[in-house]
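Contents: one structure, followed by commentary.
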Amino acid sequence: MRPTQPQNERGSINMGDTDRPDPATTAPTGPASGTTSGTTASTAAPSSPTSGTTDKAGPTKADPAHKAATAIAAHRARTAATGGLGPRASLIFCLVLTLLLGSLSLLVMYPAAQHLRSLQNGEQAEATLHTAGSCMIGNCRVRFEADGRTVIADLPVGSGGGKSSVGTRLTVRHQADDPSVAARNQDVGGGGAAVFTVLFGVSALFFLALALAAAIHLTRQRQKPTA
């Protein structure tokens, strides 16, 4: 019984020595870990100003892109509203059509209608269509007898009967002193020339209104930046 007791004490002492940490081994690890954590903290610290700078610069870079997108959308809306043309192109286009249609109405069709009306009291004669074509632009000719002689006269601009064939019989009226000036009896009230005078005139007024609208739109666009 007596010899076993020292073994137990010695064994407990040995176990205690084994479990106790070595001061020489564990002491340097404290500063090293502290240095590592400090370095990590110091490395992570400067990253915060960078993130702050990124946040501040974000909206500044987005603003020009947003303005450009808004301007493009507005331009597309204006282009769609004008049929694919800008306001300035629409203005020029409408002015050209206004001048063209107005000229056709006042300088071509109206005088032609007046000429046809001037033959209302002319001499009447039976004629045949000598040359067929587009009678509206004056490409038709008629043949009739006047004062004992055969006359071939051009039908004036604005005449009807363009679908008639050569040899078709029709009634004409001509000037008594100049039988070569003749017109169909159906056209002496003005004929197609009177119809196109009104049609071209109304169309010219319509495009003139569009030109005025385009001019007002351009004026408002120029005043927006100054306001």
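Placing dummy labels 7 Å off each Cα toward the beta-carbon, the span from ASP147 to HIS217 is 6.0 nm. The share of Cα pairs per 5 Å bin across segment 89-147, counted from zero up to the longest distance, runs 4, 13, 13, 18, 17, 10, 8, 6, 4, 3, 1, 0 percent.
If the chain linking LYS67 and SER165 were pulled fully straight, counting 0.36 nm for each residue of separation and taking away their Cα-Cα distance, it would gain 28.6 nm. Taken along the Cα-to-beta-carbon direction at a fixed 7 Å, the label points for LEU100 and GLN114 span 2.5 nm. Among residues other than MET136 with Cβ under 15 Å from its Cβ, the summed charge is +1 (Lys and Arg +1, Asp and Glu -1).
In this simple spin-label approximation, ALA176 and LEU107 carry label points 7 Å from Cα along the Cα→Cβ vector, and these lie 3.6 nm apart.
Applying 1/(1 + (r/R0)^6) with r as the Cβ-Cβ distance of ALA89 and ASN139 and R0 = 41 angstrom yields a FRET efficiency of 0.70. Working note: Karplus 6.51/-1.76/1.60 with θ = phi - 60° gives segment 113-130 the couplings 5, 5, 5, 5, 5, 5, 9, 4, 9, x, 5, 9, 8, 8, 9, 10, 6, 8 Hz, where Gly and Pro are set to x.
Quick one: in segment 118-227, what % of C-alpha pairs are over 24 Å apart? Value for segment 118-227 (Cα pairs over 24 Å): 42 percent.
Values quoted throughout were computed directly from the atomic coordinates according to the rules given, and no laboratory measurement underlies them. This structure is a prediction, so every number in the text was calculated from the model and none was measured. All Cβ positions, even for glycine, are placed from backbone atoms using ideal geometry, and neighbour counts span all protein chains on display.
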